[in-house]
Amino acid sequence: MMASEYPTSSSSSQGESPFPWHWNLAYLFQFFESLLIALRIIRDPNSLPLTYTEDPNWHLAKQRRIQFCLEQNPVHLWELRELALSKGGLLTSEARKRAWPLLVGFDVEDKTERFDDDYDDVDDDDTEEDQNPIPDLQNESSGQSPTSVVDSDTIFTSSSVSVSTRNPELELIRRDSNRSVIFQYNKHYEKNTTPENAGEQLTTVLEKVVTDQKHHYYQGLHDVVGVLLHNLEYDTGLTAELVQHAVLQSHFRDAMRENFSNVTWLLNLLMLPLVEQIDKHVHYVLQEVDLASLCLPWVITWFTHDVFHPDTAARLADAFMAGHPLLPLYFGVALLTHPVLKQELLQHEDYDPASLFVLLKKLPRSIGSDMASRHNNACHRRVPVQEILEDALGIL
């Protein structure tokens with residue numbers, strides 16, 4: 001090529017580009033697109049899509065995607081988070097056993113064994129105290145009353161008894177562990193999906209978790225921890241370590257304080273204004289309803305107390321483990337304002353707050369599995385988790 005064919009300094013000084021203007025725009029667009037893909041702000045169009053609605057075997061494609069992601073070293077946590085939040089979640093217990101610890105940020109091999117060793121020491125110190133007669137929980141004379149939220153089946157309480165007094169709190173844990181929601185799985189779905197000694201294993205995990213005076217056990221924790229234990233194949237050491245990181249550090253930190261005042265304050269502050277932004281008709285109906293009392297059991301149990309399908313409960317855990325700690329609150333807003341589920345509320349003849357409260361607290365039972373199609377009939381409405389979750393993420 002002759003020298004005259006190259007751009008000269010004189011042409012540059014006059015502001016003329018050596019290339020056609022549309023070439024420059026194309027390269028600039030490609031640069032910014034690559035930058036956004038690298039920052040995970042947009043998805044690479046050449047990668048496997050995370051929506052599999054067109055493919056009847058979408059779950060098989062997603063399993064391969066999850067396996068590929070988990071085999072990377074290091075694992076790309078943003079992609080793993082997207083997989084947990086997309087349709088179907090992490091799909092299998094095997095994937096959850098590997099992914100959940102990564103999502104909450106700890107090394108299983110480095111920490112689980114050390115945690116077990118530390119707990120063995122605690123057990124030895126408290127052996128004599130645990131053998132003392134256990135006082136009646138209903139007639140405590142300590143003068144400290146737990147904060148409670150009454151449900152039709154369970155009373156959710158944040159115990160004000162510190163672990164230093166241990167007996168009442170440990171007995172409460174043992175009682176709750178034997179009536180966790182995981183025992184409903186055998187009644188409603190596959191037989192023997194929950195082992196007979198699940199209550200003992202759940203007690204072990206909860207006793208490991210509540211080991212200091214800063215964190216207090218509350219009724220409802222046994223449900224969500226039971227779901228985690230069930231999906232981690234009853235590995236008590238791994239479950240305890242997972243709960244230590246997911247619960248104590250962020251997700252349930254405020255719920256495990258001496259009372260629920262921080263949680264109820266936040267619910268009172270956010271729930272009704274958010275509902276008003278999404279649906280003014282629903283907001284009008286709910287103005288006289290105590291939303292904090294309604295939504296508190298939902299938030300502190302990750303909605304698992306009224307979800308009797310193990311796959312659905314696990315799907316919720318996938319999303320809340322990967323999402324922002326406030327995602328359960330926004331999920332509650334999405335549940336109240338869902339286009340299908342809100343119809344019964346809007347058509348309800350009696351706007352009495354007590355009557356509405358009874359109607360609304362059954363809403364989590366309408367949460368269905370992503371693996372099944374939507375059911376919508378006069379007797380019961382069931383909506384896939386992903387529909388509600390996408391609404392919640394849109395609000396968030």
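The values are calculated or read from the model by the stated rules, or taken from the named source; none is laboratory data. Keep in mind the model is a prediction, meaning the values are calculated, not measured. Note that each Cβ is placed from the backbone with ideal geometry, even for glycine, and that neighbours are counted across all protein chains shown. Keep in mind that these areas ignore ligands, DNA and RNA; they rest on the heavy atoms of the full protein, side chains included. Shrake-Rupley method; radii C 1.70, N 1.55, O 1.52, S 1.80 Å.
Observations
- Hits in the range 211-261 (condition: assigned to a loop (DSSP other than H, G, I, E, B), closer than 25 Å to residue 93 by Cβ and more than 16 Å from the chain's Cα centre (by Cα)): 233, 234, 235
- Filter pass, residue 333 being of a type in the set (Val, Ile, Thr), at pLDDT 90 or above and closer than 21 Å to residue 230 by Cβ: no
- Only listed residue being open to solvent by 10 Å² or more (accessible area, probe 1.4 Å) and among the aliphatic types (A, V, I, L, M), chosen from 248, 232, 267, 242: 248
- Selection within the range 85-101 - among the aliphatic types (A, V, I, L, M) and not in a helix (DSSP H, G or I): 90, 91
- Tabulated pairs, the range 66-94, first open to solvent by less than 80 Å² (accessible area, probe 1.4 Å), second outside any helix (DSSP H, G or I) and of a type in the set (D, E, K, R), C-beta under 9 angstrom, 6+ apart or interchain: 76/40; 79/40; 82/40; 82/43; 87/370; 88/370; 89/370; 93/233
- Yes/no for residue 241 being touching a residue at least 40 places away in the same chain (Cβ under 8 Å), touching a helix residue (DSSP H, G or I) at 6+ places or on another chain (Cβ under 8 Å) and on the phi > 0 side of the Ramachandran plot: no
- For the range 193-209, the set of residues classified as open to solvent by 10 Å² or more (accessible area, probe 1.4 Å) and touching a residue at least 12 places away in the same chain (Cβ under 8 Å) consists of 193, 195, 200, 201, 203, 204, 207, 208, listed by residue number.
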